[in-house]
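**Q** Please see the structure below; I have some questions.
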Amino acid sequence: MRKITIVGAGRVGESTAQIVAKEELCREVVLLDIEPGVPQGVALDIQQSASLLRFDTRVTGDTHPAAMRHSDLVIITAGLPRKPGMSRSDVLEVNLGIIDGIVDKVLEYAPEAMIMMVTNPVDVLTWRVYRKTGWPRRRVFGQSGALDTARMTAFIALETGYSVKDISALVLGGHGDAMVPLPRFTSISGINIEHFLSKSRIEEITRRTRQGGGEILALKQHSSAYDSPAAAIAAMVDAIGHNRRRILPCVAILDGEYGQRNIAMGVPAVLDENGLTEIIELKLNEDEQVLFEKSADMVRSDINNLP
Ligand SMILES: NC(=O)c1ccc[n+]([C@@H]2O[C@H](COP(=O)([O-])OP(=O)(O)OC[C@H]3O[C@@H](n4cnc5c(N)ncnc54)[C@H](O)[C@@H]3O)[C@@H](O)[C@H]2O)c1
């Protein structure tokens, strides 16, 4: 990729820009924010680490949306994070206005780009962006499952003591407390985790994964997570930029898959240079399907309330 714009130079935006620049996932990163001086300052700070971290990526900051011109990918991290005790849906109203305004600017200045939504509630807002742009669904998707899966992987590694590199986990559904971690599709070097962990330990890991973001927020109080979200975004960028055809759980627009349509939520999907080009439909068992539908109902109730 040549150029990536990150809208929102806050915690998630900054951390994402750092990884994308350091890993040289594109030639040019632009940070956009509404706070005068902030995106410029953040960009300069990252740029000054270039010789130390050995990267040639150009990082700039701007407050004018015209700076997103010719972007291959626009990552949207602008908007309010939730505060302790809030659900992700509680920030929908304020973030909806912010996202609607940003999408108007993307349509004006980067009409050929792909959009990766990050701002919460990410499933609902991905749906909103899809409807507002009218773009094909391969060009509008969101990040949540890569993070939720990484959280589950971390908890399994901590519990078993085995390398994260050998652990492959899977979390589907909406990015909320009703997300659906799938132990049946989770393994260590191809061996299902039931071989290593008791049912009750797996249930505890599943519970902790669902509340992974909330646990960090409760500890930090003044900030939600941003390092692991940024790493998850970067993994998706890497898959797209290098045309890897990785299968990662992503927020995708569903059109009949998993029995759902007119909704965006987390499912395994193929990411390549054209964006989200394929949805992998798993045969869920009855219990998993019930959980998936419950999660879909929660996302849909927010979608139905959109103005
Ligand atoms: N999808 C995920 O997995 C995931 C993970 C973590 C955080 N998030 C979400 O990402 C969002 C950002 O979180 P954060 O911790 O970086 O928040 P933050 O408050 O640190 O940063 C948000 C930034 O957005 C900017 N902003 C607001 N309106 C804007 C506009 N119209 N145009 C450009 N910039 C604008 C603010 O000035 C601020 O710098 C939140 O909604 C949070 O819930 C999602």
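**Q** Looking only at the range 96-116, count how many residues are in contact with an Asp or Glu (Cβ under 9 Å, 6 or more places away or on another chain) and either of a type in the set (D, E) or within 11 Å of the ligand (Cβ to nearest atom) (or both).
**A** Of the residues in that region, 1 qualify.
**Q** Next up: Among the numbered criteria (1) at negative phi; (2) within 15 Å of the ligand (Cβ to nearest atom), which single criterion is violated by G8?
**A** Single failed check for G8: (1).
**Q** Here is a list: A269, A252, A230. Which entry is modelled with pLDDT of 95 or more, open to solvent by less than 10 Å² (accessible area, probe 1.4 Å), part of a strand (DSSP E or B) and touching a Lys or Arg at 6+ places or on another chain (Cβ under 9 Å)?
**A** When all the criteria are applied, what remains is A252.
**Q** Got a sec? Which of V164, V171 is open to solvent by less than 70 Å² (accessible area, probe 1.4 Å), modelled with pLDDT of 95 or more and on the phi < 0 side of the Ramachandran plot?
**A** It is V171.
**Q** Hey, another quick one. Quick test of your reading of the structure: G101 fulfils all but one of (1) assigned to a helix (DSSP H, G or I); (2) more than 28 Å from A252 (Cβ to Cβ). Name the failing condition by number.
**A** Answer for G101: the failing condition is (2).
**Q** Right, next: Being under 24 Å from the mean Cα position of the chain (by Cα) and outside any helix (DSSP H, G or I) is the filter here, so list the residues in the range 196-215 that pass it.
**A** Q211
**Q** Related question: Please indicate, with yes or no, whether at least one residue in the range 52-60 is surrounded by fewer than 24 Cβ atoms within 10 Å (Cβ to Cβ), basic (K, R) and over 20 Å from I233 (Cα atoms).
**A** yes
**Q** Is at least one residue of the range 70-88 away from the ligand (no atom under 11 Å from the Cβ), surrounded by 18 or more Cβ atoms within 10 Å (Cβ to Cβ), under 23 Å from the mean Cα position of the chain (by Cα) and among the acidic types (D, E)?
**A** Yes, there is a match, as at least one residue in the range 70-88 is away from the ligand (no atom under 11 Å from the Cβ), surrounded by 18 or more Cβ atoms within 10 Å (Cβ to Cβ), under 23 Å from the mean Cα position of the chain (by Cα) and among the acidic types (D, E).
**Q** While we're looking at this one, here's another question. Just a yes or no: is a residue in the range 20-32 surrounded by fewer than 22 Cβ atoms within 10 Å (Cβ to Cβ) and within 16 Å of the ligand (Cβ to nearest atom)?
**A** Scanning the range 20-32, I find no residue that is surrounded by fewer than 22 Cβ atoms within 10 Å (Cβ to Cβ) and within 16 Å of the ligand (Cβ to nearest atom), so the answer is no.
**Q** Out of the range 25-44, which residues are more than 16 Å from M236 (Cβ to Cβ) and part of a loop (DSSP other than H, G, I, E, B)?
**A** R27, D33, I34, E35, P36, G37
**Q** Which one of the conditions (1) of a type in the set (V, I, T); (2) assigned to a strand (DSSP E or B); (3) open to solvent by 10 Å² or more (accessible area, probe 1.4 Å) does I303 fail to meet, given that it meets all the rest?
**A** (2)
**Q** A follow-up question, please. So which residues in the range 174-198 are surrounded by fewer than 21 Cβ atoms within 10 Å (Cβ to Cβ) and closer than 14 Å to T160 by Cα?
**A** Result: S187, S189, I191, N192, E194, H195, F196, L197, S198.
**Q** Would you confirm, using the coordinates I've provided, whether L92 is away from the ligand (no atom under 13 Å from the Cβ), among the aliphatic types (A, V, I, L, M) and outside any strand (DSSP E or B)?
**A** no
The values are calculated or read from the model by the stated rules, or taken from the named source; none is laboratory data. Every value quoted in this text rests on a predicted model; they were computed, and no experiment measured them. Every residue, glycine as well, gets a Cβ built from its backbone with ideal geometry; the counts of neighbours run over all protein chains shown. Remember, those area values only see protein heavy atoms, side chains included, never the ligands or the DNA or RNA. Shrake-Rupley method; radii C 1.70, N 1.55, O 1.52, S 1.80 Å.
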